[in-house]
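The values are calculated or read from the model by the stated rules, or taken from the named source; none is laboratory data. Computed from a predicted structure; not experimentally measured. In this analysis, Cβ positions are derived from the backbone assuming ideal geometry, glycine residues included, and neighbour counts consider all displayed protein chains. Please note that ligands, DNA and RNA were not included when accessible areas were found on the heavy atoms of the full protein model with its side chains. Shrake-Rupley method; radii C 1.70, N 1.55, O 1.52, S 1.80 Å.
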Amino acid sequence: ETKVLPPPTDLSDYFMMEPNYELPLRLVRHNSQRDAKHHVDTNVHLKQIMEIDPNIEFHYMPPRSDMINHPNIYKFKVNELNVAEFINRGNCFWYHLPSGYTDGGPKVVLEAMASGLPCIVDNHSGPKDRVDDNTGWRCDTWEDYVEVIKEIIANPSVLKVKGQAAREKAKAEFIPE
């Protein structure tokens, strides 16, 4: 077995964030690669999630270039906001990558966890070595993501439980030195 080590990252600003875990579910997604890290079916996925609960909000910095417009989709340009403040807009971080894309970091998952957000990630490469059952969810398929969203809507208290565990794991394991 191998493990992808986290990149050395100063998480001080993220540890100061105070998430609001109350509904509506506010999914945040930050990335540095623009469209390269967005799934080709992002628009279809957004519509499917809004069918689960029309109050769910999506916050992207940056969004996919062809992302649909909707009042519950908030789009920010690259670095339009401070990353810590942007992540703090949400109560859950999600990281569904394009098919075949592997991410050895990802620094943004460390930042989200340090901010106290539970994470929904793909069950491969770097994300699977950051997120565990206590700190979020690892998904093998898109259908797994849908089931996680349904679980959160049915039991929103899980956001706080997993978010606090994510922060504790970040403090214990994601030490830049």
How large is log10 I(q)/I(0) at q = 0.13, 0.16, 0.22, 0.26 Å⁻¹ when the Debye formula is applied to the Cα atoms of the stretch 57-116, each weighted equally and without solvent?
-0.37, -0.57, -1.05, -1.31
Table column - 3J(HN,Hα) (Hz), the stretch 156-166, Karplus curve with 6.51, -1.76, 1.60, x for Gly and Pro
x, 5, 5, 4, 5, 4, 6, x, 5, 5, 4
Could you tell me which of rounded, prolate or oblate describes the stretch 92-177, using a ≥ b ≥ c as the square roots of the eigenvalues of the alpha-carbon gyration tensor, with rounded for a/c under 1.5 and, failing that, prolate when a/b is larger than b/c and oblate otherwise?
oblate
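Within the accessible area of the chain, what % is carbon and sulfur when the probe is 1.4 Å and the other protein chains stay in place? Walk me through the intermediate numbers first.
Details: 4050 of 8520 Å².
Ligands and nucleic acids excluded, carbon and sulfur reach 48 percent.
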Name the residue, out of 65, 115, 125, whose mean-square fluctuation peaks in a Gaussian network model built on the chain with Cα pairs under 10 Å.
65
What 222 nm value per residue comes from the helices of the chain, counting each DSSP H run with n ≥ 4 as -39,500 (n - 2.57) and dividing by all residues, nearest 500 deg cm²/dmol?
-10000 deg cm²/dmol
Can you work out ³J(HN,Hα) from phi for every residue in the stretch 138-150, in order, using Karplus 6.51 cos²θ - 1.76 cosθ + 1.60 and θ = phi - 60°, giving whole Hz and x for Gly and Pro?
10, 10, 8, 9, 4, 4, 4, 4, 4, 5, 5, 4, 4
Can you tell me, using C-alpha contacts under 8 Å and at least 6 residues apart, the relative contact order of the chain as a whole percent?
29 percent
Which whole-number percent gives the relative contact order of the stretch 13-69, counting Cα pairs below 8 Å spaced six or more residues apart?
49 percent
Residue by residue, what Karplus-based ³J(HN,Hα) values in Hz, rounded to whole numbers, does the stretch 45-62 have, using 6.51, -1.76 and 1.60 with θ = phi - 60° and x for Gly and Pro?
5, 4, 4, 5, 5, 5, 5, 5, 7, x, 8, 4, 10, 10, 10, 10, 9, x
On the formula 1/(1 + (r/R0)^6), with r taken between the Cβ atoms of residue 65 and residue 161 and R0 of 35 Å, the FRET efficiency rounded to 0.05 is 0.45
Could you tell me which label, among (i) -0.40, -0.48, -1.04; (ii) -0.55, -0.63, -0.96; (iii) -0.52, -0.61, -1.14, carries the value of log10 I(q)/I(0) by the Debye sum over Cα atoms at q = 0.11, 0.12, 0.17 Å⁻¹ calculated for this structure?
(i)
List the residues, sorted by chain then number, that are 5 or more residues from residue 94 or on another chain and whose placed amide H is less than 5 Å from its amide H.
28, 120
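Could you work out the equivalent-ellipsoid semi-axes for the stretch 7-94, taking the square root of 5 times each eigenvalue of the Cα gyration tensor, largest first, in whole Å?
Numbers: eigenvalues 96, 58, 21 Å².
Over the Cα atoms of the stretch 7-94, the semi-axes work out to 22, 17, 10 Å.
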